[in-house]
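Have a look at the structure below before the remarks.
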Amino acid sequence: MMERQLSRSDRLIAHMDSALRTLVPNAVVASRINPAAAVAEVTLDEFERQHVAGLVRAAHIATVGVQGFYQGQMALIKLPASRRQIEPLRGETLDHLAWCHQRLAQLKSRTSYFTPVWYGFSLGLGLTAGAIGDRFGLGMTAVTKELMSQQLSEQSTQLPVDDHNSRPLFRQMSADNGHHARLAIEASGTRFPTPIKWGVGLLASGVMKIAYYA
């Protein structure tokens, strides 16, 4: 069965829809059940609440960044097989955004003020990477996903001991991103050397630290 070829206007509408669902709080409905859905809410003191909210806010803006990069890169990808192989990344990343929004609402907090700026910057990077070539763009997707998996795993260790609501969320997001990184490489993504990964990680860590407070 042949793939339906989308027109330029179809693609534009699809990208605008993705952007709105990425940026507007609660505009995303998760396709999977929240990993902590069956866990009873625990009471955190004010310091713990603010700390957890900061960690979730940082995880959220990182997810917005990888979603923006992915959307930019997918807009220019040329190989249909590669497109089909990494298409599941979009839906699972939207799940992550929905889960972060749910947890922030439980914590009576909000997303970062810098979310739109970081989304726009990441989208531009994705478009640039996609314009360079499929293998380069997929390789950068793998790098960002791998680093995010590591950062989420590290953040889960910084949660309060009794916060059983956030820990399953961070663990699932970390596992998903690790899987996404492998899919991007399997879809012909370039394997980048450690210095490039270090540079991307430094940038992402800086943004997440800013989001933790604002």
**Q.** the chain: Lys pairs at Cα distance under 20 angstrom, eight or more positions apart or on different chains
**A.** 4
Q. What is the magnitude of the charge dipole of the chain about its Cα centre, with +1 placed on the Cβ of each Lys and Arg, -1 on the Cβ of each Asp and Glu, and no other charges, expressed in debye to the nearest 20?
A. 600
Q. Does segment 56-153 come out rounded, prolate or oblate, given a ≥ b ≥ c as the square roots of the eigenvalues of its C-alpha gyration tensor, rounded meaning a/c under 1.5 and, failing that, prolate meaning a/b above b/c?
A. prolate
Q: Please compute P(r) over all alpha-carbon pairs of segment 95-214, binned at 10 Å starting from zero, and give each bin as a whole-number percent.
A: 12, 40, 35, 11, 1
Q.
From the helices alone, meaning DSSP H stretches of at least four residues, give me the mean residue ellipticity at 222 nm for the chain, per-run term -39500 (n - 2.57), in deg cm²/dmol to the nearest 500.
A. -24500 deg cm²/dmol
Q. Considering the chain as a Gaussian network with a 10 Å cut-off on Cα pairs, which listed residue, Thr128, Thr190, Thr43, attains the greatest mean-square fluctuation?
A. Thr43
Q | List Ile86, Ile196, ordered by accessible area with a 1.4 Å probe, largest first | A | Ile196, Ile86
Q: At 1.4 Å probe size, with every protein chain present, just tell me what the per residue accessible area of the chain comes to in Å².
A: 51
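Per residue, how much space in cubic angstrom lies within the convex hull of the C-alpha atoms of the chain?
In the chain, the Cα hull volume divided by residue count equals 115 Å³.
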Q: Any chance you could give the angle, 0 to 90 degrees and rounded to 10, that helix 167-186 forms with the longest Cα principal axis of the chain?
A: 10
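Using the per-residue mean of other Cβ atoms lying within 10 Å as a proxy for protection, in what order, highest first, do the peptides 30-40, 161-171, 48-58 fall?
48-58, 161-171, 30-40
The values are calculated or read from the model by the stated rules, or taken from the named source; none is laboratory data. Treat the numbers as computed from the prediction; the structure is a model and nothing was measured. All Cβ positions, glycine included, derive from the backbone under ideal geometry; neighbour counts span all protein chains shown. The accessibility values were calculated without ligands, DNA or RNA, using every heavy atom of the protein model including side chains. Shrake-Rupley method; radii C 1.70, N 1.55, O 1.52, S 1.80 Å.
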